[in-house]
Amino acid sequence: IFKKLLYYKKINSTQTKLKTIADAVAREGVIVCADVQTGGYGRMKREWSSSNGGLWFSMLLKPALRPDEVSKLALIISLALNRVFKQKYGVKTNIKWPNDILFKGRKASGILVDMSAEQDIVNWVVAGIGINVNNVLPKELKNISVSLGEILNKFVGRAQLLAQFLCVFDEIYAAFKKSGFKIFVKEYNDNIVFINESIKIDTGFDIIEGVNLGIDGDGKLILKTPKGLEKITAGTVVKGK
Ligand code: BTN
């Protein structure tokens with residue numbers, strides 16, 4: 001699906017840029033990519049450090065989904081990224097639900113999914129992906145983040161990394177359209193951190209504590225709590241173990 005890429009040396013945010021043109025672009029698959037973002041942001045509108053050397057891009061998708069199914073798309077994007085890290089670079093990454101890619105507990109990549117929907121129909125999804133590649137991380141992030149270059153102890157070509165991701169995602173996305181989300185559940189749960197461990201999730205409304213049983217066929221995280229099983233649609237894992 002990827003046939004067009006808009007490349008910027010410096011931009012405010014690839015996500016903001018693609019969102020402003022998303023209505024006018026008919027076909028899915030357009031990519032906006034930048035060397036440096038001056039206003040890169042992540043989930044919960046948190047600042048996303050986007051200096052030179054990292055891979056910062058957003059992709060336009062127009063899936064035939066209901067708005068409540070878009071979280072599944074975010075999960076298969078993390079699966080695609082995790083496959084690329086493991087299979088193409090030999091790096092043993094894991095997924096922190098819903099879609100952070102970790103290496104030994106530090107974040108190598110983050111995914112942000114924005115959408116526009118009317119009633120029950122999704123108009124577009126803009127998925128933003130940030131991968132720490134050769135960028136130097138600010139010292140306040142050194143304990144919690146890591147770059148692919150640091151893991152492999154060498155310079156990593158970003159164009160090749162992007163091409164590999166797009167190739168793997170294209171395949172996964174086609175399988176998702178054809179067969180649905182359920183075919184990815186096992187692979188996701190096999191790669192998730194804190195599986196069968198006690199975790200805490202911040203849902204934005206409250207903090208839920210329980211044993212992480214992995215995701216179900218709808219992409220919801222199942223927690224075993226003293227009150228029974230709880231299904232969580234969105235949130236942030238605030239504590240493992
Ligand atoms: C997160 O983990 O909170 C998600 C981070 C997403 C960062 C990417 S970098 C490319 C795109 N442009 C942005 O401003 N954000 C996303």
Cα coordinate range in the chain, projected on the principal axes (Å, largest first): 52, 44, 32
Please report the net charge: other residues with Cβ closer than 13 Å to the Cβ of ILE207, K and R +1, D and E -1. -2
Percentage of Cα-Cα pair distances in segment 198-239 greater than 13 Å, rounded to whole percent? 44
Give the residue list of GluC sites (Glu not before Pro) in segment 173-222 that are DSSP loop and have at most 13 other beta-carbon atoms within 10 angstrom. GLU197
Please give the net charge around LEU141, taking every other residue with its beta carbon less than 14 angstrom from that of LEU141, where Lys and Arg add +1 and Asp and Glu add -1. +1
With N residues in segment 30-97, Rg(alpha-carbon) / (2.2 N^0.38 Å) equals 1.28
Using the alpha-carbon centroid of each, what span in Å lies between segment 188-241 and segment 1-43? 32
Listed peptides 71-81, 108-118 by packing density, highest first (mean Cβ within 10 Å): 71-81, 108-118
When the Cα centres of segment 54-69 and segment 94-159 are compared, how far apart do they sit, in Å? 14
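Each value in this text was obtained by applying a stated rule to the coordinates, not by laboratory testing. Being a predicted model, the structure only gives us computed values, none of them experimental. Glycine gets a Cβ as well: all are built from the backbone with ideal geometry, and neighbour counts include every protein chain shown.
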